[in-house]
Amino acid sequence: MLKSPPSETPAPQTLGELANLLQAELVGDAECQISGLATLTDAKPGQLSFLSNKHYRKYLVSTQASGVILHPDFANDYTGNKLLVANPYLAYAKLSAIFSHAPRVASGIHPDASVAEDAKVHLSASIAANAVIDSGAEIAAGAQIGAGCFVGQNTIVGADTVLHANVSLYHGVVVGSACLFHSQVVVGSDGFGFAPDGKKWVKIHQLGGVVIGDHVELGACTTIDRGALADTLIGDGVIIDNQVQIAHNVQIGANTAIAAGACIAGSARIGENCTLSGMVGVVGHISLVDNVHVTALSLVTKSITTPGSYSSGTPIDETALWRKNAVRYGQLNSLAQRLKVLEKLQAPSE
Amino acid sequence: MLKSPPSETPAPQTLGELANLLQAELVGDAECQISGLATLTDAKPGQLSFLSNKHYRKYLVSTQASGVILHPDFANDYTGNKLLVANPYLAYAKLSAIFSHAPRVASGIHPDASVAEDAKVHLSASIAANAVIDSGAEIAAGAQIGAGCFVGQNTIVGADTVLHANVSLYHGVVVGSACLFHSQVVVGSDGFGFAPDGKKWVKIHQLGGVVIGDHVELGACTTIDRGALADTLIGDGVIIDNQVQIAHNVQIGANTAIAAGACIAGSARIGENCTLSGMVGVVGHISLVDNVHVTALSLVTKSITTPGSYSSGTPIDETALWRKNAVRYGQLNSLAQRLKVLEKLQAPSE
Amino acid sequence: MLKSPPSETPAPQTLGELANLLQAELVGDAECQISGLATLTDAKPGQLSFLSNKHYRKYLVSTQASGVILHPDFANDYTGNKLLVANPYLAYAKLSAIFSHAPRVASGIHPDASVAEDAKVHLSASIAANAVIDSGAEIAAGAQIGAGCFVGQNTIVGADTVLHANVSLYHGVVVGSACLFHSQVVVGSDGFGFAPDGKKWVKIHQLGGVVIGDHVELGACTTIDRGALADTLIGDGVIIDNQVQIAHNVQIGANTAIAAGACIAGSARIGENCTLSGMVGVVGHISLVDNVHVTALSLVTKSITTPGSYSSGTPIDETALWRKNAVRYGQLNSLAQRLKVLEKLQAPSE
């Protein structure tokens, strides 16, 4: 029977220690013990909070937090212990790592793990119960492969990369270092390639692979297909939410963020530092330059060559009202033409 | 080798027994044996059917069913054995439980299950082959954990809750009683929290958990993220279809129903008894009151404060026609302004 | 420890052999050795490429490929070894099978597989580590069940069908021959059936199953629900991409293709040879005839009775411009009425 190591309950930190870590200016008690983080409204004594959105400023007066991370502009709005920083949200992010009690997903090689003889598993890598590491796979230093994961033939998992339970990596996938894949992620499944022969579909076997850079995070149930000939490419620092589909031969530029439910079709290229909102669709074979933002549930049907924000869709309304307007959508072209006719009647000489 | 218990083939019931169960008025043969349920058109002798939608009334005359569940208003439309009830659809639902032959997902503790020494598994709970129960997890009375599931550290699975094969529950998740999670569900993955530092994304470790009430059903491949600080909350009796994404710190009120493909962004609050149709998107940080209905593929971009039905989107049309109208969408503001100009020309004094 | 068979590295082929296979006219060196396929721009000597899209014609002059598959019309644009065929794309598809180095997902019965005593596993079928085959299931000749898969009670997996790692098939599912299911597929989960009782939802147990034909491919994280009473039906040759949801009692006709993220609601019927693009929604209880094409992110809300292409949605635009137009969508009905008023003013006698 398995005995996992205990949850890593973080030791309390003093405000002074935290101030050093953040290079923050501490105004208050450096010895005050902090055991965790919380929102301004939820915080109890012993917890540290933060203000990053001025809409929550009003909660400063009543918060029970033992300290608050603040921008200097708001220093006078709070009388308790303050950690002053230029970017409170980023400071909170940095501290979240310290107070995280997320357990390791694996420690050592579990006896119930199934590791091929010729797989190369680094001494410091860990494989959990019922994970399966196939022939020729390589698991680098510090990597953790969670329960029930599958790592296919010749696939490479980089240093310190963590796969949560039940992730499936096919053969011929390369994953960089310090990546984090959530449960049920699939990488390397066949791209959706088929040629019609007049009667049925003939499968186009996907001969490429997937190459994922460093510091990439993939959300639960996200799927990344292998390429048809060349590889599907995910750049360094890319962050992808849950239930995102990345088709074969897509290329995602470094540090791009893709929110839940988005769907990127084959051979699309997304630049660096893009942000695709939830449920965004991107059709195949188009390109988005760097620094493109797309709003939720929009469909990108043509290449975007200028940075900026892009949208499609219609506003939400009461159904009965919406229906009356929606019916008119089918008449838009006619309405436009009829308008033009009226305009000509007003100015017949034009 | 595993030998599962046999499928639970339900024993035949007599119409009299079923009438008692439903508190229905039986008009006909109480001794008639019923071995299963079927639609009016598919039913064979020995099967029981029902009429809940009057469009199917025409099938009463030709059905081969041995009996039909009916509203009294339709009693004269059918000459066979009748079970008269006020709500035939609800009666059918109740009987579906009796005629279900779905097997248990686990019986006893399978020798190939991997259970941490300090996990607490109730005597009457069952864990299937290759499921992994991590340190400190608690599996309550009557719960069934299916093949290949992962239950993370300190996670609690309530009484009689069933997890189908390959479900992944992270650490620090609380699941109530009598819940049903379908295969590939993920609960407790990290919310999509990242702070930009000017060059890259800094991960915000998600310190909250997930709390799921009683009688909650989650469909296949549905994902529920853990909260950033506070917990993500799913109320009692909530029913969620397949491939639904629930982001961190979402709160879903009791008895709300969410259909397939919907996507609820972070910190959104959905009231009680709401119904979100398929592929509905809800943006973050908004609230929907109780009894809100949203139609399919709509995007809810602002809080809804009045019960009722809400929609966005455009109607389906032949592509060639649609394209002509869609092109005009980009001219809508201009058309509206030109219309106003024409109106002014008609009534210059206004 | 597991020792998998080596990756099946395909042996080189000569152009002559490939020409025979394709029944292509070879113009060039029949003894030229080909070790793989590549795009025109990526190809290195020893690789074979193809031209199927005339936009890439310009790459013929500079390609380093050792040969190109071409339509005779383009024969004069390329001076190297040519394989002339009527349909280069189909020829490429056929050769992709030869050059595929995808390993088997299972070989033999792995000692860590968990197979019920009364399951019937053909001598030539293979079950990988930690797969679980439940009571009464049947695995036919040549089938391969990947690591961590679950095959439920009495479920039938047809000859030569391949399930990649971590697929979950519930009880009472029938899968035909030569099918390919990618990781995290779920077949046979409960359809989303619930009856309201005035206070809460009462579960409608799903008594039907799923029947999947021959030569069906299902993408990663695709989910197909079991029927309420009758079965959910997927026809022969159907190809379904990743993250597609097929609800209970849907029927998909032979050779229909469904792209990623699509969502088909309960009891919808899709004809044969249809093509549903990415993120298409189809509401319940409607029918599409054969040969219907639906464009991306469209919502089909009514039956389609004529073959052809159908669409809904609005075009992508810069957000600031889009917002001005989107606001007017809520005024469309009013605009139409105001236009009519103006028209009447112009022609008062009508």
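The values are calculated or read from the model by the stated rules, or taken from the named source; none is laboratory data. The structure displayed is predicted, hence computed values, not measured ones. In this analysis, Cβ positions are derived from the backbone assuming ideal geometry, glycine residues included, and neighbour counts consider all displayed protein chains. Accessible surface is based on the protein model in full, side chains and every heavy atom, while ligands, DNA and RNA are left aside. Shrake-Rupley method; radii C 1.70, N 1.55, O 1.52, S 1.80 Å.
Of the conditions (1) among the β-branched types (Val, Ile, Thr); (2) buried (at least 21 other Cβ atoms within 10 Å of the Cβ); (3) away from chain A (no Cβ under 12 Å); (4) under 29 Å from the mean Cα position of the chain (by Cα), C:Val115 satisfies every one except a single condition; which number is it?
Answer for C:Val115: the failing condition is (4).
With respect to B:Val185, determine if the residue is among the aliphatic types (A, V, I, L, M), within 19 Å of the chain's Cα centre (by Cα), modelled with pLDDT of 95 or more and under 23 Å from A:Ala38 (Cα atoms).
Details: among the aliphatic types (A, V, I, L, M): yes; within 19 Å of the chain's Cα centre (by Cα): yes; modelled with pLDDT of 95 or more: yes; under 23 Å from A:Ala38 (Cα atoms): no.
Judged against the criteria, B:Val185 is not a match.
Given (1) open to solvent by 10 Å² or more (accessible area, probe 1.4 Å); (2) in contact with a Ser or Thr (Cβ under 6 Å, 6 or more places away or on another chain); (3) closer than 22 Å to C:His205 by Cα, where does B:Gly108 come up short, assuming only one miss?
Unmet condition: (3).
Across segment C:215-245, what is the total count of residues that are among the acidic types (Asp, Glu) and surrounded by 24 or more Cβ atoms within 10 Å (Cβ to Cβ)?
Taking segment C:215-245 as the starting set, the residues that turn out to be among the acidic types (Asp, Glu) are C:217, C:225, C:231, C:236, C:241.
If we keep only those that are surrounded by 24 or more Cβ atoms within 10 Å (Cβ to Cβ) too, we end up with C:225, C:241.
Selection size over segment C:215-245: 2.
So which residues in segment C:52-70 are surrounded by fewer than 21 Cβ atoms within 10 Å (Cβ to Cβ), under 22 Å from C:Gln33 (Cβ atoms) and among the hydrophobic types (A, V, I, L, M, F, W, C), if there are any at all?
If the condition is that a residue be surrounded by fewer than 21 Cβ atoms within 10 Å (Cβ to Cβ), under 22 Å from C:Gln33 (Cβ atoms) and among the hydrophobic types (A, V, I, L, M, F, W, C), then C:Leu60 is the only one that fits.
Sort out which residues of segment B:61-106 are in contact (Cβ under 8 Å) with a residue 40 or more places away in the chain, under 25 Å from the mean Cα position of the chain (by Cα) and assigned to a loop (DSSP other than H, G, I, E, B), and write them in order of number.
Across segment B:61-106, the qualifying residues are B:Ser100, B:His101, B:Ala102, B:Pro103, B:Arg104, B:Val105, B:Ala106.
Report, by residue number, each residue of segment C:301-331 that is open to solvent by 70 Å² or more (accessible area, probe 1.4 Å), farther than 26 Å from C:Cys263 by Cβ and at the interface with chain B (Cβ under 8 Å from one of its Cβ atoms). Even if it seems obvious, please write down each step before you answer.
Our first condition is that a residue be open to solvent by 70 Å² or more (accessible area, probe 1.4 Å); within segment C:301-331, this holds for C:301-302, C:305-307, C:318, C:321, C:323-324, C:327.
Add one more test, that the residue is farther than 26 Å from C:Cys263 by Cβ, and what stays is C:318, C:321, C:323-324, C:327.
If the condition is that a residue be open to solvent by 70 Å² or more (accessible area, probe 1.4 Å), farther than 26 Å from C:Cys263 by Cβ and at the interface with chain B (Cβ under 8 Å from one of its Cβ atoms), then C:Leu321, C:Lys324, C:Val327 are the ones that fit.
Based on this model, can you work out whether A:Leu339 counts as open to solvent by less than 40 Å² (accessible area, probe 1.4 Å), in a helix (DSSP H, G or I) and either within 16 Å of B:Ser298 (Cβ to Cβ) or not β-branched (Val, Ile, Thr) (or both)?
Numbers: open to solvent by less than 40 Å² (accessible area, probe 1.4 Å): yes; in a helix (DSSP H, G or I): yes; either within 16 Å of B:Ser298 (Cβ to Cβ) or not β-branched (Val, Ile, Thr) (or both): yes.
Yes.
Quick one: which of C:Val132, C:Val151 is open to solvent by less than 10 Å² (accessible area, probe 1.4 Å) and away from chain A (no Cβ under 14 Å)? It would help to see each step written out before you state the result.
Numbers: C:Val132 fails: away from chain A (no Cβ under 14 Å).
Unique residue meeting the criteria: C:Val151.
For segment A:135-148, give me each residue that is more than 10 Å from every other protein chain (Cβ to nearest Cβ) and polar (S, T, N, Q). Step through it out loud before you land on a result.
Let us first name the residues in segment A:135-148 that are more than 10 Å from every other protein chain (Cβ to nearest Cβ), namely A:138-145.
Once the filter is applied, which keeps residues that are more than 10 Å from every other protein chain (Cβ to nearest Cβ) and polar (S, T, N, Q), segment A:135-148 yields only A:Gln144.
Identify the residue in segment A:264-277 that is open to solvent by less than 20 Å² (accessible area, probe 1.4 Å) and not hydrophobic (A, V, I, L, M, F, W, C) and, among all such residues, is nearest to the other protein chains (Cβ to nearest Cβ).
First pass over segment A:264-277, keeping only residues open to solvent by less than 20 Å² (accessible area, probe 1.4 Å): A:264, A:266, A:268, A:270-271, A:274, A:276.
In the following step, the residues that additionally are not hydrophobic (A, V, I, L, M, F, W, C) were identified as A:266, A:271.
On the way: A:Gly266: 9, A:Gly271: 15 Å.
Filtering segment A:264-277 for residues that are open to solvent by less than 20 Å² (accessible area, probe 1.4 Å) and not hydrophobic (A, V, I, L, M, F, W, C), the one nearest to the other protein chains (Cβ to nearest Cβ) comes out as A:Gly266.
Residue under question is C:Gly261, and the condition is that it be in contact (Cβ under 8 Å) with a residue 40 or more places away in the chain, buried (at least 24 other Cβ atoms within 10 Å of the Cβ) and within 24 Å of A:Gly281 (Cβ to Cβ); does it hold? Break it down into steps so the answer makes sense when it comes.
Numbers: in contact (Cβ under 8 Å) with a residue 40 or more places away in the chain: no; buried (at least 24 other Cβ atoms within 10 Å of the Cβ): yes; within 24 Å of A:Gly281 (Cβ to Cβ): yes.
No, not satisfied.
Conditions: (1) open to solvent by 70 Å² or more (accessible area, probe 1.4 Å); (2) over 26 Å from B:Thr319 (Cβ atoms). A:Ala347 meets all but one. Number of the miss?
A:Ala347 satisfies every listed condition except (1).
Failed condition for A:Leu48, given (1) open to solvent by less than 70 Å² (accessible area, probe 1.4 Å); (2) assigned to a loop (DSSP other than H, G, I, E, B), with all others met?
Exception for A:Leu48: condition (2).
Within segment C:158-214, which residues are of a type in the set (Val, Ile, Thr) and either open to solvent by 20 Å² or more (accessible area, probe 1.4 Å) or more than 8 Å from every other protein chain (Cβ to nearest Cβ) (or both)? Before the answer, list the steps.
Just the residues of segment C:158-214 that are of a type in the set (Val, Ile, Thr), to begin with: C:161-162, C:167, C:173-175, C:185-187, C:202, C:204, C:210-212.
Listed by number, the residues that qualify are C:Thr161, C:Val162, C:Val167, C:Val173, C:Val174, C:Val175, C:Val185, C:Val187, C:Val202, C:Val210, C:Val211, C:Ile212.
Report yes if A:Gly16 is assigned to a loop (DSSP other than H, G, I, E, B), more than 14 Å from chain B (Cβ to nearest Cβ), at negative phi and not aromatic (Phe, Trp, Tyr), otherwise no. Steps first, answer last, please.
Numbers: assigned to a loop (DSSP other than H, G, I, E, B): no; more than 14 Å from chain B (Cβ to nearest Cβ): yes; at negative phi: yes; not aromatic (Phe, Trp, Tyr): yes.
Against the criterion (assigned to a loop (DSSP other than H, G, I, E, B), more than 14 Å from chain B (Cβ to nearest Cβ), at negative phi and not aromatic (Phe, Trp, Tyr)), A:Gly16 does not qualify.
Go through segment C:287-297 and give me each residue that's open to solvent by less than 30 Å² (accessible area, probe 1.4 Å), under 18 Å from the mean Cα position of the chain (by Cα) and without any contact (Cβ under 8 Å) to a residue 24 or more places away in the chain. Reasoning before the result, please.
From segment C:287-297, those open to solvent by less than 30 Å² (accessible area, probe 1.4 Å) are C:288, C:292, C:294, C:296-297; that's our starting set.
Filter again for under 18 Å from the mean Cα position of the chain (by Cα), leaving C:292, C:294, C:296-297.
Once the filter is applied, which keeps residues that are open to solvent by less than 30 Å² (accessible area, probe 1.4 Å), under 18 Å from the mean Cα position of the chain (by Cα) and without any contact (Cβ under 8 Å) to a residue 24 or more places away in the chain, segment C:287-297 yields C:Val292, C:Val294, C:Leu297.
In segment B:107-139, how many are among the charged types (D, E, K, R) and outside any loop (DSSP other than H, G, I, E, B)? So that I can check it myself, show each step before the final result.
Within segment B:107-139, the subset among the charged types (D, E, K, R) is B:112, B:117-118, B:120, B:134, B:138.
Still in the running and outside any loop (DSSP other than H, G, I, E, B): B:120, B:138.
Number of matching residues: 2.
Working only within segment C:71-100, note down all residues that are within 10 Å of chain A (Cβ to nearest Cβ) and crowded, with 17+ Cβ neighbours inside 10 Å.
Looking only at segment C:71-100, we keep the residues that are within 10 Å of chain A (Cβ to nearest Cβ), and these are C:87-100.
C:Asn87, C:Pro88, C:Tyr89, C:Leu90, C:Ala91, C:Tyr92, C:Ala93, C:Lys94, C:Leu95, C:Ser96, C:Phe99, C:Ser100, listed by residue number.
This table checks each residue for (1) of a type in the set (S, T, N, Q); (2) at pLDDT 95 or above; (3) within 30 Å of A:Gly146 (Cα to Cα).
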site	(1), (2), (3)
A:Pro6	no, no, yes
A:Thr9	yes, no, yes
A:Leu15	no, yes, no
A:Gln47	yes, yes, no
A:Thr63	yes, yes, no
A:Ile69	no, yes, no
